[in-house]
Amino acid sequence: MKEQINISAEVSFIWETAEIIRDTYKKHQSQDIILPFVVLRRIESVLLEERNKVEKLLGNSLSKLSPSDAKNIMSKKVQASISFDNSSKFTFKILASEKDTAIKENFKSYVNGFTDNIKKILDNFGILKELNKLEKDKLIYPLIKQYAELDLSPSVVSNQKMGYIFEEVIRRFSEQTGEEAGEHFTPREIIELMVDILIDGDKIKDGELKTIYDPACGTDGMLVIGKDHILDKVNPKANVVLYGQEKQPETWAVGASDMLLKGENPDNIKYGNTLTNDQFPNETFDYMLSNPPFGVKWKKDKQDILDDTSGRFHKDMLPTIRDGAFLFLLHMISKMKPPQEGGSSIAIVFNGSPGFNGDAGSGESKIRQYLIANDLIEAIIGLPKDLFYNTNIGTYVWVLRNKKSNERKGKIQLVNAVEFSEKMPKSLGKKTKYISDKQIKQICLIYNSFKESEHCKIFDTIDFGYTKVHLELTDVNEDGNPKKETVIKKIKGQKREVTQNVKISDSEYIPLKEDINEYLKREVEKPYKIKNKTIGYEINFTQYFYKYTPLRKQEDVIKEFNDLEKENKTLLKDLGLL
């Protein structure tokens, strides 16, 4: 868990380096310089440690070769192990030792000395484009000198710890720039819960290929934790391959570099907008995990989505332009393997809106109807508030499978885990709570037991459907007779006064399990006529776990009021106002 790993020293060091460029770069621009320097230093630290290992392995054999041959052999061995190298003579410490002499050109030579896979990552940061500005204000050398002192070697900073450092630094920058609520990291404990729910109990054979995909992968936290879970808890001999896509260039660069440093294939982490430029067309995956941005408008992508011919989206089944979160789910569903090929499992984080936004006939309602009609929703887990770094709103994990177990077919499980949290020792942004390992196990036990309880409700899929019946009511008086009104109507071209019954438009929401006519006879007192009917679906999670809180006794309220009044009088006397 993140709370048990101390990253304060490294994060404080990195955060203080932002002070060096404060007068040249505004707060929201600082990350464009600081993040690539952190990534560069980590890459170099990994490289230098690997070179030392190779040198020890080769021993005296290198000294018997010419310098160029020795360098070539070293580079091949290093790249065979970590997939990258640097052909320049420079390191951060060498650059710092040469002081400010030709620092700009030397730094360019250092960056350009990396293999193409690293240069591609650095290009997305755009650090070389900033060199003229940095040189003008004499900032290149102070930054290099500072970062030369930061030890990010794997023997000192593990991959897991480095991931947390990246996460915290980017979180702080996003907090400064005021990014939208959906653009934030997913806390590790939430990912661990999602992975436990999604993968626990699966049987994976030795060498069996399993793929994990995230269409909004950020810095790849979900992918990495998903793979670690399979190898640590299911089968260490499984063959797990990771895939993802991210549209923010700096975030993609951090994620791609992290994948490279972990020995993964960074080419599987694509750059671009998943909704408008799917980099994995026609691909399917075993497991899909995601926390897409929610509450974010997709107006600028609307035409591309309407023009999309991949079959991911349907023009009559699109969410409101104000929130595109459901679009990511539709995209993920298009990536599910057919049930006869083993099927696929999805865990996705939403806020409350996808469950109930949109009336009958709306895009959201039609999406819910599609999901339920195809029996894809397995469970929805309500999470505590205040878990995320940049928002304190309530969130939910939706679990979907196209190959449910027999007992879950035709059913949807709601798990209320809003009370399963602990208070953070120290707040991180708006994150004041976390879910402990013990609580994750409790939530998983509730989910796996598949039994109704205080925290679990199980419904037939049809329970979430309703018919919205539009009615024309005849208004009546106290005696039950129709009320009359006089209106002007055009009859045969002539305006005339006409007396008619008073009509009222109304609508009733009738559960699909109920007979419409019987319901109306029972619930509607006035004479009515059915105008039209529309099918709708809604999953209003909170209503199923609502607990009635009785009103306080009148005498208790009066006593509290009198006590407050006495306190106020005493205070006013002390102030000399009475």
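The values are calculated or read from the model by the stated rules, or taken from the named source; none is laboratory data. All values derive from a computational prediction rather than experimental measurement. Because the Cβ atoms are built from the backbone with ideal geometry, glycine has one as well, and the counts that use them run over all protein chains shown.
Here are some notes:
- Out of E518, E497, one residue alone is free of Cβ contacts under 8 Å to residues at least 40 places away in the same chain, outside any helix (DSSP H, G or I) and either of a type in the set (V, I, T) or over 23 Å from A347 (Cβ atoms) (or both). It is E497.
- Summed over segment 375-393, residues that are free of Cβ contacts under 8 Å to residues at least 60 places away in the same chain and either in contact with a Cys (Cβ under 6 Å, 6 or more places away or on another chain) or on the phi < 0 side of the Ramachandran plot (or both) total 5.
- Of all residues in segment 483-507, those satisfying the criterion of being under 56 Å from the mean Cα position of the chain (by Cα) and either of a type in the set (F, W, Y) or surrounded by 10 or more Cβ atoms within 10 Å (Cβ to Cβ) (or both) are K483, N501, V502, K503, I504, D506, S507.
- Matching option when the condition is touching a strand residue (DSSP E or B) at 6+ places or on another chain (Cβ under 7 Å), part of a strand (DSSP E or B), of a type in the set (S, T, N, Q) and closer than 28 Å to T309 by Cα, among T274, T211: T211
- Of all residues in segment 222-255, those satisfying the criterion of being closer than 25 Å to D32 by Cα and not in a strand (DSSP E or B) are M222, L223, V224, K247, Q248, P249, E250, T251, W252, A253, V254, G255.
- Test for I212: is it crowded, with 21+ Cβ neighbours inside 10 Å and without any contact (Cβ under 8 Å) to a residue 60 or more places away in the chain: no
- The numbered conditions (1) modelled with pLDDT of 95 or more; (2) under 20 Å from L261 (Cα atoms); (3) surrounded by fewer than 21 Cβ atoms within 10 Å (Cβ to Cβ) are all true for S155 except (1).
- Members of segment 230-264 that are farther than 24 Å from V78 by Cα, touching a residue at least 12 places away in the same chain (Cβ under 8 Å) and of a type in the set (A, V, I, L, M, F, W, C): I230, V234, A238, W252
- Reported count of residues in segment 143-163, each being within 36 Å of the chain's Cα centre (by Cα) and in a helix (DSSP H, G or I), is 9.
- So K533, is it under 23 Å from N357 (Cα atoms), assigned by TED's automatic domain parsing to the domain that holds E478 and outside any strand (DSSP E or B): no
- L414 being at pLDDT 95 or above, within 16 Å of I191 (Cα to Cα) and not hydroxyl-bearing (S, T, Y): no
- Restricted to segment 333-370, and to residues there that are among the hydrophobic types (A, V, I, L, M, F, W, C) and closer than 29 Å to Q439 by Cα, the residue that is surrounded by the fewest Cβ atoms within 10 Å (Cβ to Cβ) is F356.
- Segments classed as helices (runs of 4 or more DSSP H), wholly inside segment 44-135, with at least 2 members that are modelled with pLDDT of 90 or more and more than 35 Å from the chain's Cα centre (by Cα): 67-82, 92-97, 103-112
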